[in-house]
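Peer 1: I am attaching a structure below and will ask some questions about it afterwards.
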Amino acid sequence: MSESDWSVPEATVMSTAREVVESERHAVLATVVSVEGSAYRRPGAKMVVAADGEGVGSITAGCLEDEVIALAREVAETGQARVETYDLTADGDVWGLGVGCNGVIDVLLEPLDAGYRPAIEAFESGGELAVCTVLDSDGNGDSDSDDDGDADLAIGDRIFYDGTEGAFSAAWPAELREELREPAASAAESGDSHAFTVEMDGESVRVFVDGVSTPPELVVFGTGHDIGPLVDLATKSDFRVTVLGFRGATATEERFPNADAVRSTSPADLGDAYEFDENTYTVVMSHNFIDDRLALEELLETDVPYIGLLGPRKRFEEMREEFAAEDRTFTPAERERIYTPIGLDLGSESPYEIAHSIVAELLAVHNDREPDHLSAREGPIHDREPLAGTGTEAEAETDAEPGAGTGSTD
């Protein structure tokens with residue numbers, strides 16, 4: 001597995017899954033379904049393993065991928081899903097040799113086929129969907145069900161919850177569906193992923209509820225040389241990036257090959273050129289004062305939560321003076337959405353350094369975080385299930401690597 005295949009954004013993992021499904025090739029989907037303690041990735045992290053053993057995506061910092069690929073071959077041969085547990089806390093075995101994690105990770109490996117298509121389509125379209133997959137069941141039967149939804153559920157059995165319709169896609173036992181309805185609805189809306197154990201009729205069923213979360217959109221206004229580095233980094237950080245140029249000759253796909261789309265429009269017609277919503281983030285960097293001002297005025301009429309405006313503070317103050325001369329002032333809510341000077345204070349100067357500063361600020365806003373050093377943060381980076389016997393969640397975080405946050409409700 002190459003480094004370039006390991007470090008791809010989630011959108012690439014899902015597009016690979018679509019290619020597998022449409023071509024009817026044999027492949028396995030590996031998903032982190034539960035973590036106790038700390039680990040590199042959280043529940044919901046995925047990788048696709050093709051029949052030839054090539055993997056796309058990451059579920060750890062690289063310490064388990066080869067082992068998972070080997071197990072994926074077995075799953076592909078048998079056609080039977082399985083859940084594998086990796087204890088990265090033990091001393092003396094292969095998983096305890098300083099791999100950088102201090103947790104117990106459960107990974108679901110399942111054949112990737114047309115049955116997963118609704119999740120792929122929801123990811124691409126932005127639909128609210130939760131994938132509910134059996135991880136363990138006292139019955140462990142053959143998954144045959146009757147018209148009432150009674151079933152001996154087996155590992156890998158799956159149904160979908162449509163958050164828009166408020167309905168499940170298939171007839172699992174009524175009691176199980178009712179127990180899963182609230183967490184499935186929450187996951188479909190938020191995109192979070194957790195494992196749950198449901199007790200019913202004296203038996204227990206462990207189900208992974210995986211919310212399908214569509215990547216945020218980033219629209220960059222401008223076609224200058226500094227746009228390219230921003231597009232590159234934002235794409236690798238799981239933003240779907242559109243470049244909107246105000247000069248048609250330079251707004252081309254050849255100029256910005258890593259962008260998902262490149263269009264040309266006028267700053268006064270942004271509403272017609274793109275459908276902006278609360279999952280859209282914008283960066284205005286045309287280097288033209290009039291174009292930037294017109295774009296800002298248009299964007300304030302949308303629901304975008306972030307309007308980044310390139311340039312010094314003095315330039316923005318001049319812009320505000322011109323707005324004020326036309327009796328247009330910014331409300332407190334509007335001012336909170338305008339980020340200028342754009343980016344975090346990283347001491348940046350070169351084009352890629354500035355792009356890093358901007359993308360870092362975008363991620364902080366999208367994840368609702370106040371930027372700070374992780375070394376100064378008390379407690380876990382993300383909500384997580386503590387290791388058995390360790391006490392509090394904060395104690396479970398003590399030895400975690402920066403960024404190694406996980407969460408589970410198992």
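Each reported figure results from applying straightforward, stated rules to the coordinates on display, with no laboratory input. Predicted model, so just to flag it, every value in this text is computed and none were measured. Here the Cβ positions follow ideal geometry from the backbone for every residue, glycine too, while neighbour counts run over all protein chains shown.
Peer 1: Over what distance in Å are the Cα centres of the stretch 245-268 and the stretch 1-60 separated?
Peer 2: Result: 31 Å between the Cα centres.
Peer 1: For the stretch 200-236, list residues with backbone N below 13 Å from a point placed 7 Å from the Cα of Asp260 toward its Cβ?
Peer 2: It comes to 213-220, 234-236, nothing else.
Peer 1: With a Förster radius of 25 Å, plug the Cβ-Cβ distance of Glu326 and Phe289 into 1/(1 + (r/R0)^6) and report the FRET value to the nearest 0.05.
Peer 2: About 0.95, to the nearest 0.05.
Peer 1: Shifting gears a bit: Counting Lys and Arg as +1 and Asp and Glu as -1, what is the net charge of the other residues whose Cβ lies under 11 Å from the Cβ of Pro351?
Peer 2: Residues near Pro351 contribute -4 overall.
Peer 1: What relative contact order, as a whole-number percentage, does the stretch 169-249 give when Cα pairs under 8 Å and 6 or more residues apart are counted?
Peer 2: 23
Peer 1: Please give me the summed charge of the neighbours of Ser264: other residues whose Cβ is under 15 Å from its Cβ, Lys and Arg +1, Asp and Glu -1.
Peer 2: Once positives and negatives cancel, what remains is -2.
Peer 1: Say R0 is 35 Å: what FRET efficiency, to the nearest 0.05, do Ala376 and Met200 get from their beta-carbon distance?
Peer 2: 0.15
Peer 1: To one decimal place, what orientation-averaged projected area in nm² is obtained for the convex hull of the Cα set of the stretch 253-315?
Peer 2: 4.8
Peer 1: Given an 8 Å cut-off on Cα distances and at least 6 residues of separation, report the relative contact order of the stretch 217-366 as a percent.
Peer 2: 22
Peer 1: Follow-up. For the ranges 250-262, 110-122, what's the packing order if you count other beta-carbon atoms within 10 Å of each residue, average per peptide, and put the highest first?
Peer 2: Going from most to least packed, we get 110-122, 250-262.
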